[in-house]
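Chemist: Take a look at the following structure, please.
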């Protein structure tokens, strides 16, 4: 997504020179969110972007892996590519589970198609990780008649992404969907027909899928002069420029400074890839606008649309709009009275309005904000 948006942005921004879009997969650029939904369900076999690359004069170099970077030259497994300007958008790669080297991952369309072939009624599927991918895949697998157990090392689903009490609310969704959920124990090892948990429990398993996060795909940049943080993300400035001349970066592989949050952010979600790819192209063409959007992502799980915007880490106040016991509800986080983050379950209007309010740093009337019958924008002072 980030690389495709950068190429589109350059053409639409008036760049008339050569553009090459390089990717190590054999496929044309495609969308990833449907992989854990429609592709697994068999409703689609591909999610290729409907973009006429030939008409745009963008050269697609599929099945080409970047190996190293030197000033003005990208080294690939298909030879050297000289460049005047370069956008690195190599994304992230799923973290494997050390004790289960043969377990499946879900990142590419080929991963999704291979897993789909195995999801049949009665198949015992164990998912390591109760994050977004774990919940979405569990949802689909149950629809396909699989016996599903999700194993989470943390105390509740979405540990690290959301406060534990909210994750605990979502634990009930697993049970209602007929999905087993075991928290407080991780997968220690996989063996034929079973997985062994860190507490000694042995769970029967015909298939094992690992969804314990992803890491920036930046190992190939060693010695390039492009600076990485401790997690491997590319350090860029507010214009998405790296420290190497003529090199920008976008998408899941970057860490950018957010004036809004007061910290560097590394975001691995679709909306960030979309926006940062476009912003990198604009920066290459001379635009001077800093990149600092309101982070946003969504997940479809257990018949619910879950959406999140902003960043709650620095919040000092929590407001509930409706009860988590109800079919739809929203949680708001404030910092010194200003809205900084929101989580909504089946309340898309709340989330859409929250994104705009977070963007302008709106201070909320707490009583109005807590009333789900009042439009959120009406609570802004």
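Chemist: Test of understanding: what is the full-extension gain from residue 27 to residue 75, defined as 0.36 nm times their sequence separation minus their Cα-Cα distance?
Modeler: Values: separation 48, 0.36 × 48 = 17.28 nm, distance 2.04 nm.
Extra length from residue 27 to residue 75 when fully extended: 15.2 nm.
Chemist: Return the whole-Å distance between the Cα centroid of the stretch 312-349 and the Cα centroid of the stretch 1-16.
Modeler: That distance is 36 Å.
Chemist: Run through every distinct alpha carbon pair of the stretch 303-379 and return the Kirkwood hydrodynamic radius in angstroms, one decimal place. Write down the numbers at each step before the final one.
Modeler: Values: mean 1/r = 0.0836 Å⁻¹.
After inverting the pairwise mean of 1/r, the radius is 12.0 Å.
Chemist: Could you work out the relative contact order of the chain, using alpha carbon pairs under 8 angstrom and six or more residues apart, expressed as a whole percent?
Modeler: Numbers: 813 pairs, mean separation 55.2, N = 381.
Worked out over the chain, it gives 14 percent.
Chemist: If you restrict to DSSP beta bridges whose two residues both lie in the chain, what percentage is antiparallel, to the nearest 5? Intermediate results must be reported in sequence, preceding the final value.
Modeler: Working: 49 of 74 bridges.
Looking only at bridges with both residues in the chain, the antiparallel portion is about 65 percent.
Chemist: Please order 146, 253, 183 by the number of other Cβ within 10 Å, starting at the fewest. Before the final figure, lay out the partial values.
Modeler: Working: 146 22, 253 27, 183 19.
The order, fewest Cβ neighbours first, is 183, 146, 253.
Chemist: Okay, next question. With r defined as the distance between the Cβ atoms of residue 95 and residue 264 and R0 fixed at 25 Å, what FRET efficiency is calculated, to the nearest 0.05?
Modeler: Working: r = 21 Å, r/R0 = 0.82.
Rounded to the nearest 0.05, the efficiency is 0.75.
Chemist: Taking the Cα centroid of the stretch 135-201 and of the stretch 36-52, what is the distance between the two, rounded to the nearest whole Å?
Modeler: Here the two parts' Cα centres lie 26 Å apart.
Chemist: Let me ask something else about it. Relative contact order (percent) for the stretch 88-210, with alpha-carbon contacts under 8 angstrom and 6 or more residues of separation? Please report the intermediate quantities before stating the final value.
Modeler: On the way: 218 pairs, mean separation 36.5, N = 123.
For the stretch 88-210, the relative contact order is 30 percent.
Chemist: Right, next: Separation between the residue 222 and residue 123 pseudo-spin-labels, each 7 Å from Cα along Cα→Cβ, expressed in nm?
Modeler: Reported label-point gap for residue 222 and residue 123 is 3.6 nm.
Chemist: While we're here: How long is the stretch 109-210 along each principal axis, judged by its Cα atoms, biggest number first, in Å?
Modeler: Extents along the principal axes, in whole Å: 36, 28, 25.
Chemist: Now a separate question. Helix-only mean residue ellipticity at 222 nm, the chain, DSSP H runs n ≥ 4 weighted -39,500 (n - 2.57), per residue, nearest 500. What is it? Each step should come with its number before you reach the end.
Modeler: Numbers: 9 runs with 85 residues, N = 381.
Value at 222 nm, helices only, nearest 500: -6500 deg cm²/dmol.
Chemist: Something else now. How far, in nm, would the chain grow between residue 326 and residue 238 when pulled straight, counting 0.36 nm per residue and subtracting the alpha carbon separation? Intermediate values should be presented prior to the final figure.
Modeler: Working: separation 88, 0.36 × 88 = 31.68 nm, distance 4.08 nm.
Length gained, residue 326 through residue 238: 27.6 nm.
Chemist: Sort the following peptides by mean Cβ neighbour count (other Cβ atoms within 10 Å, averaged over residues), highest first: 112-124, 282-294. Intermediate values should be presented prior to the final figure.
Modeler: Numbers: 112-124: 15.2, 282-294: 16.9.
Final packing ranking: 282-294, 112-124.
Chemist: Moving on to the next point. Computed over the Cα atoms of the stretch 33-102, what is the ratio Rg over Rh, Rh following Kirkwood?
Modeler: Numbers: Rg = 17.0 Å, Rh = 15.9 Å.
In the stretch 33-102, Rg relative to Rh is 1.07.
Chemist: Moving on. Sort 216-223, 30-37 for me by packing, meaning the mean count of neighbouring Cβ atoms within 10 Å per residue, highest on top. Don't skip to the end; give the middle numbers.
Modeler: On the way: 216-223: 17.8, 30-37: 19.6.
Taking the mean over residues of other Cβ atoms within 10 Å, the ranking is 30-37, 216-223.
Chemist: Quick one: plug the Kirkwood hydrodynamic radius of the chain (C-alpha pairs) into Stokes-Einstein at 10 °C, 1.306 mPa s, and report D in µm²/s. Before the final figure, lay out each step's value.
Modeler: On the way: Rh = 22.2 Å.
It comes out at roughly 71 µm²/s.
Coordinate-derived values only; no laboratory data. Since we're looking at a predicted model, the values are computed, not measured. Heads up, the Cβs are rebuilt from the backbone with ideal geometry, glycines too, and the neighbour counts pull from every protein chain shown.
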